[in-house]
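The values are calculated or read from the model by the stated rules, or taken from the named source; none is laboratory data. Bear in mind the structure is a predicted one, so any value in this text is a computation, not a measurement. As a convention, Cβ positions derive from the backbone with ideal geometry for all residues, glycine included, and neighbour counts pool all protein chains shown.
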Amino acid sequence: MQVEGITWHAVTLEDETKFAAMKKLATETLGLTPMMEMPGVSVFSMANGTILELYLPEALPPFGYNEGGVAFGFRVDDIEAASRAVEAADGELLGQINRFPEMGYAFRHFRGPDGRVYGLNEQKAPAER
């Protein structure tokens with residue numbers, strides 16, 4: 001497994017006003033376009049593959065995110081190998097690997113030995129999938 005960087009960031013905003021303000025900053029000031037939206041969730045993908053997710057507390061995954069509302073994920077070259085390595089290092093795998101073939105993207109969350117939630121993500125070109 002090779003870690004390529006920290007490329008996924010999730011921020012939980014405490015209410016609709018702060019959520020709307022951050023979404024407005026992302027779209028109007030930073031020029032980002034949501035790649036996915038659901039009630040209480042906006043996901044932005046940037047040209048370098050970095051992903052920013054904004055959440056309202058009620059839209060969080062069942063395991064939630066960390067105190068302070070920030071989580072991040074490591075881009076890896078092989079998500080299956082990375083999952084095995086994290087588990088062997090006493091990380092708790094949270095759910096299955098989620099794949100989005102149309103985007104060449106896969107992710108999985110885990111709870112580290114420090115108790116915080118992190119992510120693993122893999123980005124492959126269409127020929128590599």
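Looking only at segment 1-22, which residues are over 21 Å from Tyr105 (Cβ atoms) and crowded, with 17+ Cβ neighbours inside 10 Å?
Hits for segment 1-22 are Thr12, Leu13, Phe19.
Tell me which residues, restricted to segment 23-46, are closer than 18 Å to Phe100 by Cβ and either surrounded by fewer than 12 Cβ atoms within 10 Å (Cβ to Cβ) or not charged (D, E, K, R) (or both).
Thr33, Pro34, Met35, Met36, Met38, Val41, Ser42, Val43, Phe44, Ser45, Met46
Taking segment 34-76, which residues are under 14 Å from Phe19 (Cβ atoms), without any contact (Cβ under 8 Å) to a residue 24 or more places away in the chain and outside any loop (DSSP other than H, G, I, E, B)?
Scanning segment 34-76 gives Pro34, Glu37, Met38, Val41, Ser42, Val43, Phe44, Glu58, Ala59.
When Leu120 is evaluated against the numbered criteria (1) modelled with pLDDT of 95 or more; (2) in a helix (DSSP H, G or I), which criterion, by number, is the only one it fails?
(2)
Among the residues in segment 77-92, are any part of a strand (DSSP E or B), among the charged types (D, E, K, R), surrounded by 12 or more Cβ atoms within 10 Å (Cβ to Cβ) and more than 15 Å from the chain's Cα centre (by Cα)?
Checked against the condition, which is being part of a strand (DSSP E or B), among the charged types (D, E, K, R), surrounded by 12 or more Cβ atoms within 10 Å (Cβ to Cβ) and more than 15 Å from the chain's Cα centre (by Cα), segment 77-92 yields at least one hit.
Go through (1) part of a strand (DSSP E or B); (2) over 30 Å from Arg84 (Cα atoms); (3) touching a residue at least 12 places away in the same chain (Cβ under 8 Å) and name the single condition His9 misses.
Unmet for His9, out of (1) part of a strand (DSSP E or B); (2) over 30 Å from Arg84 (Cα atoms); (3) touching a residue at least 12 places away in the same chain (Cβ under 8 Å): (2).
Regarding Ile97, is this residue farther than 17 Å from Thr50 by Cα, among the β-branched types (Val, Ile, Thr) and either at pLDDT 95 or above or within 17 Å of the chain's Cα centre (by Cα) (or both)?
Criteria met by Ile97.
Can you name every residue in segment 93-102 that is over 12 Å from Tyr118 (Cβ atoms) and either exposed (fewer than 12 other Cβ atoms within 10 Å of the Cβ) or in contact (Cβ under 8 Å) with a residue 12 or more places away in the chain (or both)?
Passing the criteria: Gly95, Gln96, Ile97, Phe100, Pro101, Glu102.
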